[in-house]
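First comes the structure, then the notes that go with it.
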Amino acid sequence: MSDCLFCKLASGEIPSKQIYSDDDVVAFHDIHPVAPVHFLIVPKIHVDSLAHTGPEHQALLGKMLLLAPKLAAEQGLKEGFRTVINTGHGGGQTFFHLHVHVFGGETMSPDLAAIKTQ
């Protein structure tokens with residue numbers, strides 16, 4: 001999608017502070033972090049949200065979730081981290097391109113209402 005911000009970030013058209021990239025996904029630091037470490041894992045193909053995935057996305061979703069702990073550890077989150085996938089307007093999604101937030105670096109509140117992510 002030519003007007004999708006995350007498509008432009010994933011393709012490199014818009015620069016980001018990347019921490020990982022391969023043929024399928026890119027990971028970069030969030031520009032509005034909610035914790036000392038906050039990065040996103042974004043597929044390079046456009047998928048609106050988790051609700052728009054199907055069996056054909058199984059490998060991609062698995063790759064994204066398996067990357068989360070690896071990249072979290074590389075970013076210094078050895079004591080734990082939180083992952084969030086906002087889905088749809090009611091789920092707090094504001095950018096309609098599937099992405100996984102990974103954040104930590106401080107003790108996270110168990111109250112999810114205290115977390116505001118994009």
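Nothing in this text is a laboratory measurement; each read-out follows from the coordinates by a stated rule. Predicted model, so just to flag it, every value in this text is computed and none were measured. Glycine gets a Cβ as well: all are built from the backbone with ideal geometry, and neighbour counts include every protein chain shown.
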Checklist outcome for this item: With a Förster distance of 25 angstrom and the Cβ-Cβ distance between ASP48 and ILE14, calculated FRET efficiency to the nearest 0.05 equals 0.85
Next on the checklist: Just to be sure I follow the definition: excluding the sites themselves, where is the longest run in the chain that has none of the trypsin sites (Lys or Arg not before Pro) in a DSSP loop with at most 10 other Cβ atoms within 10 Å?
Outcome noted: 18-77
Checklist entry - Taking H as built 1.01 Å from N, whose amide H comes closer than 5 Å to the amide H of GLN93, not counting residues under 5 places away? => result THR87, GLY88
Item to check | Helix-only mean residue ellipticity at 222 nm for the chain, each DSSP H run of n ≥ 4 adding -39500 (n - 2.57), per residue, nearest 500 | outcome: -6500 deg cm²/dmol
Checklist entry - Quick one: helix 58-74 against the long Cα principal axis of the chain, what's the angle to the nearest 10°, folded into 0 to 90? => result 40
Checklist outcome for this item: Cα extents of the stretch 1-56 along the principal axes, largest first, in whole Å, come to 34, 23, 21
Checklist entry - What nm distance separates the two modelled labels at HIS57 and ALA73, each placed 7 Å from Cα along Cα→Cβ? => result 2.7
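Assuming R0 = 35 Å, what is the FRET efficiency of MET108 and SER2, from their Cβ-Cβ distance, to the nearest 0.05?
E between MET108 and SER2, to the nearest 0.05, is 0.45.
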